[in-house]
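Single-structure report; data block below.
The values are calculated or read from the model by the stated rules, or taken from the named source; none is laboratory data. Treat the numbers as computed from the prediction; the structure is a model and nothing was measured. Reconstructed Cβ throughout: ideal geometry from the backbone, glycine too, with neighbour counts over all protein chains shown.
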Amino acid sequence: MQSSEATKKIVLQTNLQGYFFDGLNTLNKKSLCPVPESVIFYSSDVLDKFALSQDFFDVSDEGKVREKVLGLKLLEATQLSREEQRKVYKEVADMSLLVCGYFSESTNNKIVDAQYYSQIGKMAYSHLNSMAPSFLDIPSFYNMFATCFESMTTLMSLLATQNRTGIDNNLIFKKVLREEQVSDTEMLVSGMMPAPTRKVS
């Protein structure tokens, strides 16, 4: 058993984005289905930009704070100007990425599950692609990101667990040992080959 002192780490990075990029990239290299480095770069930028918890909430004119309702924001975006739509789609997509990824455990306390946020996020990235398809001069980047959504959120979830515990903690392997439901995407991203299922006749 490691002592609490052994698990404490001091992170020396010039910026948060660099820290998140290195962590995600290291995990991505172990994956049997790695995502493109541009997806890692974008995701680390999202983690950096949403580092302050105040960005997760809406504040009303009366000063009341409430959690952003992403599904509602996505629906209301159709009534906005093209530029405002682009901003809303990006915000909804990026926040869904964080909720499903780095803060995936928070969905345990919500009425809707991670699958709901995953669908919202992929839909928002697809809408965003129709308005601003390129990122870093990569055409149809946001459509590509939508296809990598589950893999990316799994990587972010693994990084979050690693950061919380202070040690390299294989979350997926522990879920397998506890005989919990593990998707093929989670297995592949963790560097594990899914076992083929056989029907008993």
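Structural remarks
- Being in contact with a Ser or Thr (Cβ under 6 Å, 6 or more places away or on another chain) and either modelled with pLDDT under 85 or more than 23 Å from residue 74 (Cα to Cα) (or both) holds for only one residue in 150, 186, and it is 186.
- In summary, residue 40 fulfils each of the numbered conditions (1) of a type in the set (A, V, I, L, M, F, W, C); (2) modelled with pLDDT under 95; (3) assigned to a helix (DSSP H, G or I) with the single exception of condition (2).
- Failed condition for residue 35, given (1) modelled with pLDDT of 90 or more; (2) outside any helix (DSSP H, G or I); (3) more than 26 Å from residue 130 (Cα to Cα): (3)
- Screening region 74-110 for residues that are farther than 20 Å from residue 44 by Cα and within 19 Å of the chain's Cα centre (by Cα) and picking the one that is modelled with the highest pLDDT gives 74.
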